[in-house]
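So the structure is just underneath, and the comments pick up after that.
The values are calculated or read from the model by the stated rules, or taken from the named source; none is laboratory data. Please read all numbers here as calculations on a predicted model, not as lab measurements. Cβ coordinates were reconstructed from backbone atoms using ideal geometry, including for glycine residues, and neighbour counts include every protein chain displayed.
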Amino acid sequence: MAFFFAQFLTGLANASSLFLVASGLSLIFGVTRIVNFAHGSFYMLGAFIGITLMQILPGAIGFWGAILLTGLAVGLIGAVVEMLVLRPIYRAPELFQLVATFGVILVIQDLALMTWGAEDRLGPRAPGLRGVWRIFGEPVPKYDIVIIAITPFILFALWYLIARTRAGILVRAATQDREMVGALGVNQAWLFTGVFALGSALAGWGGALQLPKGGADLLMDFNIIGAVFVVVVIGGMGSLPGAFIATVLISVLNVFGVTYLPQSTLVLMFVVMAVVLIIRPYGLLGREEVAGEHGQVGAPDMPIRPYGPVGQALVAALLLVLALLPVFADQFMLILMIDMIVFALFAASLHFILGTGGLVSFGHAAFFGGGAYAAALLVFHTDTPMELAFLFAPLAAGLLALAIGWFCIRLTGVYFAMLTLAFSQLVWSLAYQWRAVTRGDDGLVNIWPSDWLGETASYYYFTLILGVGGILFLRHVIHAPFGYALRAGRDSPRQAEAMGINVKRIQFAAFALAGAMAGLAGGIFVFSKGSVFPTELEIAASFDALIVVFLGGVKTLAGGVVGAGFMTVVEDWLTRLEYWRLLLGLVIIAVVIIAPEGIVGSIRTFWNRIRGSEEEAAK
Amino acid sequence: MTFTRRMILAAAAALTMAPAAVRAQDTIKIGEINHYKRMAAFAEPYKKGIELALKQINADGGVLGKPLEYIYRDDQGDPAEAVKIAEELMTRDGAVMLTGTILSHVGLALSSFAAEKGYLYLAAEPLADSLVWNSGNPNTFRLRASTWIQAAMLAEEAAKTDAVKYATIAPNYAYGQDAVAAFKENLKRLKPEVEFVAEQWPALFKIDAGAEVQAIERAKPDAIYNVTFGSDLAKFVREGGDRGLFDGRNVYGLLTGEPEYLDPLGDEAPEGWFVTGYPWYGFADGTPEKAFVDAYMAETGETPKIGSLVGYLDVLSVAAAIEKAGSTDTPALIAAFEGLEIPDTPIGPLTYRSLDNQSTMGAYVGTLALQDGKGVMVDWSYKGPDGYMPSDEEITAMRPAD
């Protein structure tokens, strides 16, 4: 019994820092609707700034003062980021801002490396709180007890701020209906900046408060972000009490998981999230999202039309150049093009469900990697001929998409996205942990194509035919009746239902098709690289695709393909430089601000404006 | 107007000049692929080790009469990206061979790629046993002592005590699992009565240290085997120290004594742990080990890490192989690497075994102690890999037919 209690306390102590970070994220999402992936970076900044301040300020007062100041400093940084990066793009399409936050992550990573160096820092101990107290005979670190005691005060302070102050009333009102708040004369810009600063400050406090139990290192931004999102989603996005309950739930479950099921550490929280979302689609205390509430900002979509003669001629010319490429390009150019086509097909498959279907998937890499793994497993274990194994890539990925889609498709918006993320994490952990079959992190190696495709040029043509074929096929589907039904379901589910379209079934089919096409890309990928590792299933891989789709332009036809091409080239150039992450981050932020409709969308708008002005001049 | 035009002219001149300047010096190029950003704490000392060795070798006239040059490329820790860069280095940049990587899975991807394309790859830091054994191939050589070797050294020491109940804690991925399996197998062979009462598998860099410590304490082991490193290690040491987990127990720490992991612990370094590591502070004057440390500190102004040594040895290996081959074409280089002997290195003679393409670099083992508020290894010794490897027959059986 004493042991149980001690375990429970450990869970509560872990919950305290996590709750601070998560409540910040939840606040930011609730008011601004920004899925802030840079939140982990603010946590990391909190840890580093905290250490720096604690070294300057002496004694117990210095220690706690440093923590307080850290939050203020990080809050200030958050406000600056919000004003410079996010404020210009609030009117961009739904979730577009997460691309900008991804740029912020990269910038902060390199700036932190420049400022604090590469070496891990051990956090200073809280003065007078080293060692343990015995509770029922079990040792419990003193600092654990202190932060367990602090957490209710933080929760109370947050509750008071939200429930009892005028600022809190505005925040709650904006969470409910931000347009109405704006209509009532509240300055939304400053409200958003304020909330973003408060959320960042909470992340900074979380980073500083965990210092006596850990430290600061350059990987902690990515290492916490998964847990934070899980907590916020389980609690219900935008709900502070929900975030608190979920933090305690996850932290305590984790402690028991470590003791009684030590192998479970990778997946436990994602399993919990999946279960919660399947039972309660909006998290424990979340509320249903009203349709159209945060999508469709700005002017309504123009219907997508097939390209006119000029566009078709341009595409044909591009394909001709690609077909003739091996004649004049060197081998590496072909390799780069293979990478680009694979990535373009992967991005196009995501774009298909995201742009046309309106389903934002955070776990699309599960199908890309799943396809790659399906083919690789067959080759590795049974020496299946490459041609046959290759066919299994889209097939297996499609089946996987059917299975995952069956659970996910009933959800909408961010919750749909997070459930796909949870499932992709399960697939990842399967590849990571089931070593007897997948060899885990050692990956599957020596997966090379048959001899007739062994030459780079022949594999290039193989990639070109299947990749471009896949992309053209997806475009064809978009213009087929199926694609129209899918778009109807995206723009107005109720009217689509009234017309006799089974929206969910159409979306389900589209999800499976997108999965199969991602699997096709994965199949081409694995034979071009000769190996596959769990990295291809990671969250980061899903986000690579998501980012290029947004960068290219969600509401355009060519967005995914153009975005993938742009990103491959830019990355290839920039990674040659010392501070490539800083530059890449700045490039992403610049594109986001200059072209809030994505590259293709903004070019189209620009083109239309020129043409429009010409037409007016002609009149 | 004139200002802009002058700028364009200057830029054009700079552009046309730049290739000429590069071409003026005919160098032998080595493609070095690493995770410079993602694993900055490990890659930076490694790169400095390389640069020190290059400076020394090129001051002595280079190899085959030409300067040796490393082209550094960042793969973001992504195996697919590494493979792409490798292709570019070999086909476009004129590299004669590939080297680098810290993460094992990137090393394995490059190894498979090298075998398929007929390139030569020297894996510098990856520890995975399968790199030269289960997934070994004739095109891949490996410098650093593998997981198995270092775990076997700790198991040998553990077998000397009368502890029978062991707990293990290792990050939940291939390296951690291999490290635990190797320790168990070696210890069971030396001391069959040993039993393992708890196996903890925290997620890499996401350890829940308090819970892990409680779980191990609950199993009441006599001794503990630790494979955690980096930020996980710091948290584990703190929680374990505070809660008295290490009191009266022997702890064996794989890599715990390496400066990369030990230095950040500062005065909280766990005293009494038996570890593998790199005691650069303990070398006697006049030894080649000390000479390297002095040269490194004079050059960089920093204390060396294990990565510094590996980077330095990497260049020595490459240079020796090119000299032995007498040319830079790949088959000759591969032939040169097989059984390559380098008599003078900071750790004494170094050989690349023709049996499995593994170098004979060993590891330093010793006990952790606190001196001047910092963790150091005391009573340390350097051990070569002989006697800590499976038998030649077992290795041959593991390696796919060449």
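The residues of the stretch B:192-227 that are surrounded by fewer than 24 Cβ atoms within 10 Å (Cβ to Cβ), more than 9 Å from every other protein chain (Cβ to nearest Cβ) and either among the small types (Gly, Ala, Ser) or in a helix (DSSP H, G or I) (or both), listed by number, are B:Ala219, B:Ala223. If you go through the stretch A:1-16 and keep only what is within 7 Å of chain B (Cβ to nearest Cβ) and among the small types (Gly, Ala, Ser), you end up with A:Ala6, A:Ala13. Could you say whether any residue in the stretch B:83-92 is part of a loop (DSSP other than H, G, I, E, B) and either touching a residue at least 60 places away in the same chain (Cβ under 8 Å) or closer than 21 Å to A:Asp330 by Cβ (or both)? Yes, the stretch B:83-92 has at least one match.
Does the stretch A:121-130 include one or more residues that are touching a residue at least 12 places away in the same chain (Cβ under 8 Å), surrounded by fewer than 18 Cβ atoms within 10 Å (Cβ to Cβ), away from every other protein chain (no Cβ under 11 Å) and hydrophobic (A, V, I, L, M, F, W, C)? No, the stretch A:121-130 contains no residue that is touching a residue at least 12 places away in the same chain (Cβ under 8 Å), surrounded by fewer than 18 Cβ atoms within 10 Å (Cβ to Cβ), away from every other protein chain (no Cβ under 11 Å) and hydrophobic (A, V, I, L, M, F, W, C). Has the stretch A:34-42 got at least one residue that is within 14 Å of another protein chain (Cβ to nearest Cβ), in contact (Cβ under 8 Å) with a residue 40 or more places away in the chain and under 30 Å from A:Gln188 (Cβ atoms)? There is at least one residue in the stretch A:34-42 that is within 14 Å of another protein chain (Cβ to nearest Cβ), in contact (Cβ under 8 Å) with a residue 40 or more places away in the chain and under 30 Å from A:Gln188 (Cβ atoms).
Among the residues of this structure, B:Ser104 does not count as one that is farther than 29 Å from B:Thr367 by Cα and facing another protein chain (nearest Cβ under 9 Å). Has the stretch A:521-541 got any residue that is free of Cβ contacts under 8 Å to residues at least 40 places away in the same chain and among the hydroxyl-bearing types (Ser, Thr, Tyr)? Yes: the stretch A:521-541 contains one or more residues that are free of Cβ contacts under 8 Å to residues at least 40 places away in the same chain and among the hydroxyl-bearing types (Ser, Thr, Tyr). Filtered by the rule that a residue be within 14 Å of chain B (Cβ to nearest Cβ), within 23 Å of the chain's Cα centre (by Cα) and buried (at least 24 other Cβ atoms within 10 Å of the Cβ), the stretch A:501-541 gives A:Ala521, A:Gly522, A:Phe525, A:Val532, A:Phe533, A:Pro534, A:Thr535, A:Glu536, A:Leu537. Could you list, in sequence order, the residues of the stretch A:543-576 that are crowded, with 24+ Cβ neighbours inside 10 Å, within 14 Å of chain B (Cβ to nearest Cβ) and either free of Cβ contacts under 8 Å to residues at least 12 places away in the same chain or more than 21 Å from A:Thr463 (Cα to Cα) (or both)? Scanning the stretch A:543-576 gives no hits. Is it fair to say A:Gly103 is over 20 Å from A:Leu155 (Cα atoms), touching a Pro at 6+ places or on another chain (Cβ under 8 Å), away from every other protein chain (no Cβ under 14 Å) and of a type in the set (Gly, Ala, Ser)? Answer is no for this residue. Selection of first residues in the stretch A:132-152 that are of a type outside the set (A, V, I, L, M, F, W, C) and of second residues that are loosely packed, with under 12 Cβ neighbours inside 10 Å and assigned to a helix (DSSP H, G or I), restricted to Cβ pairs under 9 Å at least 6 apart or on distinct chains, gives the following pairs, ordered by first then second residue: A:Gly137/A:Ala2; A:Glu138/A:Ala2.
When the stretch B:88-101 is filtered for residues that are surrounded by 20 or more Cβ atoms within 10 Å (Cβ to Cβ) and either more than 7 Å from every other protein chain (Cβ to nearest Cβ) or under 19 Å from the mean Cα position of the chain (by Cα) (or both), the ones remaining, listed by number, are B:Leu89, B:Met90, B:Ala95, B:Val96, B:Met97, B:Leu98, B:Thr99, B:Gly100, B:Thr101. When the stretch A:32-53 is filtered for residues that are in contact with a Phe, Trp or Tyr (Cβ under 6 Å, 6 or more places away or on another chain), farther than 17 Å from A:Leu76 by Cα and assigned to a helix (DSSP H, G or I), only A:Thr32 remains.
Regarding B:Ile71, is this residue closer than 30 Å to B:Ala298 by Cβ, within 14 Å of chain A (Cβ to nearest Cβ) and buried (at least 22 other Cβ atoms within 10 Å of the Cβ)? For B:Ile71, the condition - closer than 30 Å to B:Ala298 by Cβ, within 14 Å of chain A (Cβ to nearest Cβ) and buried (at least 22 other Cβ atoms within 10 Å of the Cβ) - is not met. Test A:Met114 against the criterion of being assigned to a helix (DSSP H, G or I) and within 26 Å of A:Ile28 (Cβ to Cβ), and give yes or no. Criteria not met by A:Met114. The helices (runs of 4 or more DSSP H) falling completely within the stretch A:347-436 that include 1 or more residues that are within 26 Å of A:Val275 (Cα to Cα) and at pLDDT below 90 map to A:413-433. Taken together, the criteria exclude B:Ile85 from residues that are surrounded by fewer than 21 Cβ atoms within 10 Å (Cβ to Cβ), assigned by TED's automatic domain parsing to the domain that holds B:Gly301 and at negative phi. Of all positions in the stretch A:132-147, at least one carries a residue that is crowded, with 17+ Cβ neighbours inside 10 Å, within 12 Å of chain B (Cβ to nearest Cβ) and under 31 Å from the mean Cα position of the chain (by Cα). If you take the residues in the stretch B:156-174 that are within 14 Å of chain A (Cβ to nearest Cβ) and among the small types (Gly, Ala, Ser), which one is nearest to B:Gly253 (Cα to Cα)? It comes out as B:Ala170. Among the helices (runs of 4 or more DSSP H) confined to the stretch A:449-529, the ones with at least 3 residues that are among the small types (Gly, Ala, Ser) and assigned by TED's automatic domain parsing to the domain that holds A:Phe362 are located at A:456-479, A:481-491, A:503-529.
Residues that are free of Cβ contacts under 8 Å to residues at least 12 places away in the same chain and within 8 Å of another protein chain (Cβ to nearest Cβ) do occur in the stretch A:206-228. B:Trp148 meets each of the listed conditions (1) free of Cβ contacts under 8 Å to residues at least 12 places away in the same chain; (2) more than 12 Å from every other protein chain (Cβ to nearest Cβ); (3) part of a helix (DSSP H, G or I) apart from (1). Each residue in the stretch B:268-304 was checked for being over 16 Å from B:Lys47 (Cβ atoms), of a type in the set (Ser, Thr, Tyr) and surrounded by fewer than 21 Cβ atoms within 10 Å (Cβ to Cβ), and 2 of them qualify.
Annotation note: of A:Val414, A:Val445, the sole residue that is buried (at least 24 other Cβ atoms within 10 Å of the Cβ) and within 13 Å of chain B (Cβ to nearest Cβ) is A:Val445.
Residues are listed down the side, and each one gets a yes or a no for (1) within 30 Å of A:Arg121 (Cα to Cα); (2) assigned to a strand (DSSP E or B); (3) hydrophobic (A, V, I, L, M, F, W, C):
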residue: B:Ser354; (1), (2), (3): no, no, no
residue: B:Val378; (1), (2), (3): yes, yes, yes
residue: B:Asp386; (1), (2), (3): no, no, no
residue: B:Met389; (1), (2), (3): no, no, yes
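A:Gly182 satisfies every condition listed in (1) in a helix (DSSP H, G or I); (2) away from chain B (no Cβ under 14 Å); (3) touching a residue at least 24 places away in the same chain (Cβ under 8 Å) except (3).
A quick yes/no check of all residues on (1) within 12 Å of another protein chain (Cβ to nearest Cβ); (2) surrounded by fewer than 24 Cβ atoms within 10 Å (Cβ to Cβ):
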| residue | (1), (2) |
| --- | --- |
| B:Leu127 | yes, no |
| B:Leu131 | yes, no |
| B:Pro138 | no, yes |
| B:Leu154 | no, no |
